[in-house]
1. How large a share of the accessible area of region 21-87, in percent, is made up of carbon and sulfur atoms when the probe is 1.4 Å and the other protein chains stay in place?
2. Could you sort Trp96, Trp116 by their accessible area in this structure, using a 1.4 Å probe and putting the largest first?
3. I'd like the GluC sites (Glu not before Pro) in region 1-80 restricted to DSSP loop residues with at most 15 other Cβ atoms within 10 Å, sorted by number.
4. Protein chains only, probe 1.4 Å: how do Tyr156, Tyr30 rank by accessible area, largest first?
5. Dividing the Cα radius of gyration by the Kirkwood radius, what Rg/Rh value follows for region 1-67?
6. Before I look further, what does the chain give for accessible area per residue, probe 1.4 Å, in whole square angstrom?
7. Rounded to the nearest 10 degrees, what's the angle between the helix 50-59 long axis and the longest principal axis of the chain, both from Cα atoms, 0 to 90?
8. What figure in square angstrom, to the nearest 10, would you give for the accessible area of Arg54 with a 1.4 Å probe?
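The values are calculated or read from the model by the stated rules, or taken from the named source; none is laboratory data. These numbers were taken from a predicted model, which means no experiment stands behind them. Cβ placement follows ideal geometry from the backbone for every residue including glycine, while neighbour counts extend to all protein chains displayed. Heads up: the accessible areas ignore ligands, DNA and RNA and are worked out on the full protein's heavy atoms, side chains in. Shrake-Rupley method; radii C 1.70, N 1.55, O 1.52, S 1.80 Å.
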Amino acid sequence: MSEDSTLTLDELRARHAELTLIDVRTPGEYAGGHVPGAHNIPLDRLDEAEDVLRLAAVRGPLAVVCASGNRSLTASRTLREAGIAAASVEGGTKGWAEAGHPLDRPALPGGARPRWPMERQVRLAAGSLVLLGLGAGLAFPRARLLSAGIGAGLVYSAVSDSCGLAAVLAKLPYNRGAACELSPVLDRLAARDA
(Lines give C-alpha, C1' and ligand atoms only; values in the text may rest on other atoms or scores of the structure.)
Protein backbone atom coordinates (compact mmCIF):
# COMPACT_ATOMS: atom_id res chain seq x y z
CA MET A 1 0.00 0.00 0.00
CA SER A 2 1.23 3.48 -0.75
CA GLU A 3 1.51 6.15 1.91
CA ASP A 4 -1.76 7.83 0.91
CA SER A 5 -3.73 4.74 -0.01
CA THR A 6 -7.35 3.78 0.19
CA LEU A 7 -9.07 0.45 -0.32
CA THR A 8 -12.37 -0.03 -2.06
CA LEU A 9 -14.85 -2.46 -0.57
CA ASP A 10 -14.06 -4.95 -3.34
CA GLU A 11 -10.35 -4.70 -2.52
CA LEU A 12 -11.11 -5.18 1.17
CA ARG A 13 -13.14 -8.29 0.39
CA ALA A 14 -10.40 -9.71 -1.85
CA ARG A 15 -7.56 -8.96 0.59
CA HIS A 16 -9.46 -9.43 3.87
CA ALA A 17 -7.38 -12.43 5.03
CA GLU A 18 -4.03 -10.65 4.61
CA LEU A 19 -5.03 -7.36 6.27
CA THR A 20 -4.94 -6.29 9.87
CA LEU A 21 -8.19 -4.34 10.03
CA ILE A 22 -8.68 -1.61 12.65
CA ASP A 23 -12.17 -0.22 13.30
CA VAL A 24 -11.83 3.36 14.61
CA ARG A 25 -15.48 3.86 15.59
CA THR A 26 -16.63 4.11 19.20
CA PRO A 27 -16.98 0.84 21.12
CA GLY A 28 -20.76 1.29 21.07
CA GLU A 29 -20.83 1.58 17.28
CA TYR A 30 -18.42 -1.35 16.94
CA ALA A 31 -20.66 -3.53 19.12
CA GLY A 32 -23.60 -2.72 16.85
CA GLY A 33 -21.88 -4.56 13.99
CA HIS A 34 -18.41 -4.60 12.46
CA VAL A 35 -16.48 -6.12 9.57
CA PRO A 36 -15.44 -9.64 10.65
CA GLY A 37 -11.94 -9.72 12.08
CA ALA A 38 -11.76 -5.97 12.76
CA HIS A 39 -10.09 -4.82 15.97
CA ASN A 40 -11.68 -1.84 17.74
CA ILE A 41 -9.33 1.04 18.52
CA PRO A 42 -11.36 4.27 18.70
CA LEU A 43 -10.00 7.21 16.73
CA ASP A 44 -9.41 9.27 19.89
CA ARG A 45 -7.23 6.47 21.33
CA LEU A 46 -5.00 5.73 18.34
CA ASP A 47 -2.03 7.37 20.06
CA GLU A 48 -2.21 4.73 22.82
CA ALA A 49 -1.94 1.98 20.20
CA GLU A 50 0.87 3.39 18.03
CA ASP A 51 3.56 0.91 19.12
CA VAL A 52 1.35 -2.13 18.57
CA LEU A 53 0.02 -0.76 15.27
CA ARG A 54 3.57 -0.07 14.07
CA LEU A 55 4.45 -3.72 14.77
CA ALA A 56 1.26 -4.93 13.04
CA ALA A 57 2.06 -2.80 9.97
CA VAL A 58 5.54 -4.31 9.75
CA ARG A 59 4.06 -7.84 9.80
CA GLY A 60 1.56 -7.08 7.04
CA PRO A 61 -0.78 -4.52 5.48
CA LEU A 62 -2.83 -2.41 7.86
CA ALA A 63 -6.24 -0.94 6.98
CA VAL A 64 -8.61 1.24 8.99
CA VAL A 65 -12.38 1.32 8.72
CA CYS A 66 -15.14 3.41 10.28
CA ALA A 67 -18.83 3.91 9.51
CA SER A 68 -18.50 5.67 6.14
CA GLY A 69 -14.82 6.35 5.47
CA ASN A 70 -14.35 9.82 7.00
CA ARG A 71 -12.91 8.84 10.38
CA SER A 72 -10.81 6.09 8.81
CA LEU A 73 -9.28 8.62 6.42
CA THR A 74 -8.40 10.82 9.42
CA ALA A 75 -6.99 7.75 11.20
CA SER A 76 -4.85 6.71 8.23
CA ARG A 77 -3.42 10.23 8.02
CA THR A 78 -2.72 10.25 11.76
CA LEU A 79 -0.96 6.89 11.51
CA ARG A 80 1.02 8.01 8.47
CA GLU A 81 2.23 11.07 10.44
CA ALA A 82 3.45 8.62 13.08
CA GLY A 83 5.33 6.64 10.43
CA ILE A 84 2.79 3.81 10.17
CA ALA A 85 1.50 2.83 6.72
CA ALA A 86 -2.25 2.27 6.72
CA ALA A 87 -5.01 2.41 4.11
CA SER A 88 -8.48 3.83 4.66
CA VAL A 89 -11.46 1.72 3.59
CA GLU A 90 -13.76 3.73 1.30
CA GLY A 91 -17.44 3.35 2.16
CA GLY A 92 -16.74 1.93 5.60
CA THR A 93 -18.80 -0.55 7.54
CA LYS A 94 -22.03 0.88 6.18
CA GLY A 95 -20.91 0.26 2.60
CA TRP A 96 -19.67 -3.23 3.52
CA ALA A 97 -23.10 -4.15 4.89
CA GLU A 98 -24.95 -2.50 1.98
CA ALA A 99 -22.87 -4.59 -0.44
CA GLY A 100 -24.32 -7.69 1.23
CA HIS A 101 -21.26 -8.68 3.25
CA PRO A 102 -21.78 -10.01 6.78
CA LEU A 103 -21.16 -8.06 9.96
CA ASP A 104 -20.12 -9.55 13.28
CA ARG A 105 -22.59 -8.56 15.96
CA PRO A 106 -21.48 -9.77 19.38
CA ALA A 107 -24.20 -10.57 21.87
CA LEU A 108 -24.72 -7.67 24.24
CA PRO A 109 -24.91 -8.42 27.97
CA GLY A 110 -28.37 -8.56 29.50
CA GLY A 111 -30.13 -8.24 26.16
CA ALA A 112 -29.04 -4.61 25.82
CA ARG A 113 -29.86 -2.85 22.58
CA PRO A 114 -27.01 -1.87 20.25
CA ARG A 115 -25.84 1.75 20.32
CA TRP A 116 -27.00 4.16 17.67
CA PRO A 117 -24.50 5.01 14.94
CA MET A 118 -22.63 8.27 15.62
CA GLU A 119 -24.31 10.08 12.71
CA ARG A 120 -27.74 9.34 14.22
CA GLN A 121 -26.60 10.50 17.65
CA VAL A 122 -25.32 13.77 16.16
CA ARG A 123 -28.64 14.38 14.40
CA LEU A 124 -30.55 13.75 17.64
CA ALA A 125 -28.29 16.00 19.72
CA ALA A 126 -28.19 18.83 17.16
CA GLY A 127 -31.94 18.73 16.54
CA SER A 128 -32.68 18.65 20.26
CA LEU A 129 -30.40 21.62 20.94
CA VAL A 130 -31.99 23.62 18.10
CA LEU A 131 -35.48 22.91 19.46
CA LEU A 132 -34.33 23.75 23.00
CA GLY A 133 -32.91 27.07 21.80
CA LEU A 134 -36.08 27.95 19.91
CA GLY A 135 -38.36 26.91 22.78
CA ALA A 136 -36.34 28.75 25.42
CA GLY A 137 -36.19 31.70 23.02
CA LEU A 138 -39.91 32.26 23.57
CA ALA A 139 -39.21 33.28 27.17
CA PHE A 140 -35.59 34.39 26.81
CA PRO A 141 -34.91 35.77 23.31
CA ARG A 142 -31.14 35.38 23.64
CA ALA A 143 -31.58 31.62 24.01
CA ARG A 144 -32.18 31.49 20.26
CA LEU A 145 -28.44 32.06 19.91
CA LEU A 146 -28.06 28.40 20.90
CA SER A 147 -29.97 27.41 17.75
CA ALA A 148 -27.87 29.79 15.66
CA GLY A 149 -24.68 28.37 17.14
CA ILE A 150 -25.73 24.79 16.38
CA GLY A 151 -26.63 25.80 12.82
CA ALA A 152 -23.25 27.47 12.37
CA GLY A 153 -21.54 24.39 13.80
CA LEU A 154 -23.34 22.14 11.32
CA VAL A 155 -22.31 24.35 8.41
CA TYR A 156 -18.69 24.32 9.61
CA SER A 157 -18.90 20.55 10.04
CA ALA A 158 -20.01 20.11 6.45
CA VAL A 159 -17.39 22.49 5.03
CA SER A 160 -14.49 21.08 7.06
CA ASP A 161 -15.65 17.45 6.87
CA SER A 162 -15.19 17.15 10.63
CA CYS A 163 -17.63 17.05 13.50
CA GLY A 164 -16.91 18.46 16.93
CA LEU A 165 -20.26 17.26 18.25
CA ALA A 166 -19.41 13.68 17.26
CA ALA A 167 -16.08 14.00 19.08
CA VAL A 168 -17.90 15.11 22.23
CA LEU A 169 -20.56 12.40 21.96
CA ALA A 170 -17.88 9.73 21.47
CA LYS A 171 -16.55 10.51 24.95
CA LEU A 172 -19.90 9.93 26.70
CA PRO A 173 -20.20 6.81 28.89
CA TYR A 174 -23.01 5.59 26.59
CA ASN A 175 -20.48 5.24 23.78
CA ARG A 176 -17.67 3.93 25.91
CA GLY A 177 -18.87 1.52 28.58
CA ALA A 178 -16.96 -1.62 29.46
CA ALA A 179 -16.26 -2.22 25.77
CA CYS A 180 -13.76 0.65 25.86
CA GLU A 181 -11.06 -1.43 27.50
CA LEU A 182 -8.21 -1.16 25.01
CA SER A 183 -5.67 -3.52 26.63
CA PRO A 184 -7.22 -6.80 25.38
CA VAL A 185 -7.33 -5.48 21.81
CA LEU A 186 -3.70 -4.38 21.96
CA ASP A 187 -2.68 -7.73 23.48
CA ARG A 188 -4.42 -9.63 20.65
CA LEU A 189 -2.74 -7.45 18.02
CA ALA A 190 0.69 -7.79 19.65
CA ALA A 191 0.37 -11.58 19.85
CA ARG A 192 -0.93 -12.00 16.29
CA ASP A 193 1.62 -13.82 14.18
CA ALA A 194 4.26 -13.17 16.85
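1. C and S atoms contribute 51 percent here.
2. The residues order as Trp116, Trp96, largest area first.
3. Counting only loop positions with at most 15 other Cβ atoms within 10 Å, the GluC sites (Glu not before Pro) in region 1-80 are Glu3.
4. Tyr156, Tyr30
5. With Rg and the Kirkwood Rh in hand, the quotient comes to 0.94.
6. The answer is 55 Å² per residue.
7. Tilt of helix 50-59: around 40 degrees.
8. Roll a 1.4 Å probe over it and Arg54 shows about 80 Å².
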